[in-house]
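Q: Take a look at the following structure, please.
The values are calculated or read from the model by the stated rules, or taken from the named source; none is laboratory data. For clarity, every value in this text was computed on a predicted model and none was experimentally measured. Note that we place each Cβ from the backbone using ideal geometry, even for glycine, and neighbour counts take in every protein chain shown.
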Amino acid sequence: MTLLAAALLAVSPAHAASTPTQQQIQAAVDAGIAKSRATLPIAMRVTSLLGCQPSPEVPAEVVCLVGMSAAMRDGYVVLPLRQDGAEWIGVERKHAQYPGPTPAEAQALIRAWATELAAADPEAAKDEQIQQAMTTLQVKAVDNCEVIRKSGILHCEATLSLPAKPAIKTDLKFALDGKGWRYVPR
């Protein structure tokens with residue numbers, strides 16, 4: 001019976017990794033402002049939640065990519081949070097990292113984009129770079145992603161390779177929406 005109970009707890013939603021809702025993030029922001037005891041509290045509103053993932057820097061935290069409105073400074077930021085019981089608490093850490101797609105995800109996104117482009121534009125389908133992007137381009141690494149404040153797009157350093165050619169270091173951009181990652185061409 002104890003083994004069965006342990007197995008059920010392991011897959012129970014209460015024990016699954018959870019992420020905060022937009023309302024929980026707003027509550028954490030409000031609590032952080034109240035705790036700071038600012039003489040002129042700034043009204044900060046979470047306007048959108050693009051996604052949350054485990055923090056690549058601190059194992060017990062999540063990082064959320066959110067749209068914020070604060071004193072006419074609208075934009076996207078990465079908010080680190082940790083869970084304390086049922087409550088989410090903001091963690092004060094400037095320059096928190098938001099992980100981009102894995103190399104395999106990035107490669108699939110680029111191939112899907114190139115395939116769609118080739119299907120829509122016969123001239124693009126003849127382009128050697130588009131053909132390589134559809135078939136042989138490999139994404140070896142996606143690192144050091146930074147959020148573009150105005151758009152919420154992640155700008156990442158990447159290493160690409162093609163057969164019989166040296167690795168290429170370049171920048172790639174990705175957007176996160178309700179469906180997941182999307183490759184953003186230049």
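Q: Exactly one condition in (1) over 18 Å from residue 28 (Cα atoms); (2) without any contact (Cβ under 8 Å) to a residue 40 or more places away in the chain is false for residue 69; which is it?
A: (1) is the only condition that residue 69 fails.
Q: Would you be able to say whether some residue in region 125-146 is closer than 24 Å to residue 22 by Cβ, under 19 Å from the mean Cα position of the chain (by Cα) and not assigned by TED's automatic domain parsing to the domain that holds residue 48?
A: yes
Q: Related question: So residue 169 fits all but one of (1) of a type in the set (D, E, K, R); (2) closer than 30 Å to residue 47 by Cβ; (3) not in a helix (DSSP H, G or I); what number is the exception?
A: The single condition residue 169 does not satisfy is (2).
Q: Same structure, new question: Right, residue 112: surrounded by fewer than 18 Cβ atoms within 10 Å (Cβ to Cβ) and in contact with a Leu (Cβ under 6 Å, 6 or more places away or on another chain) or not?
A: no
Q: Here's a follow-up. How many residues, within region 78-94, are within 18 Å of the chain's Cα centre (by Cα), surrounded by fewer than 15 Cβ atoms within 10 Å (Cβ to Cβ) and under 14 Å from residue 31 (Cβ atoms)?
A: Total satisfying the criteria: 0.
Q: Residue 141 - would you say it is in contact with a helix residue (DSSP H, G or I) (Cβ under 7 Å, 6 or more places away or on another chain), under 20 Å from residue 55 (Cα atoms) and either of a type in the set (S, T, N, Q) or modelled with pLDDT of 95 or more (or both)?
A: Yes; evaluated as a whole, the condition is true for this residue.
Q: Now for a separate question. Filter region 94-122 for residues that are in contact (Cβ under 8 Å) with a residue 24 or more places away in the chain, of a type outside the set (Val, Ile, Thr) and part of a loop (DSSP other than H, G, I, E, B) and give the result.
A: Scanning region 94-122 gives 96, 97, 98, 99, 100, 101.
Q: Need pairs with beta-carbon distance below 7 Å; first residue surrounded by 21 or more Cβ atoms within 10 Å (Cβ to Cβ) and within region 145-168, second basic (Lys, Arg) and assigned to a strand (DSSP E or B); sequence gap 6+ or separate chains.
A: From region 145-168, the pairs are 154/173; 160/140.
Q: Given the criterion modelled with pLDDT of 90 or more and either out of contact with any His (no Cβ under 9 Å at 6 or more places or on another chain) or within 20 Å of residue 174 (Cβ to Cβ) (or both), identify the matching residue among 77, 29, 11.
A: Within the list 77, 29, 11, the selection yields 77.
Q: Among the residues of region 138-166, which ones are in a loop (DSSP other than H, G, I, E, B), touching a Ser or Thr at 6+ places or on another chain (Cβ under 8 Å) and among the hydrophobic types (A, V, I, L, M, F, W, C)?
A: 162
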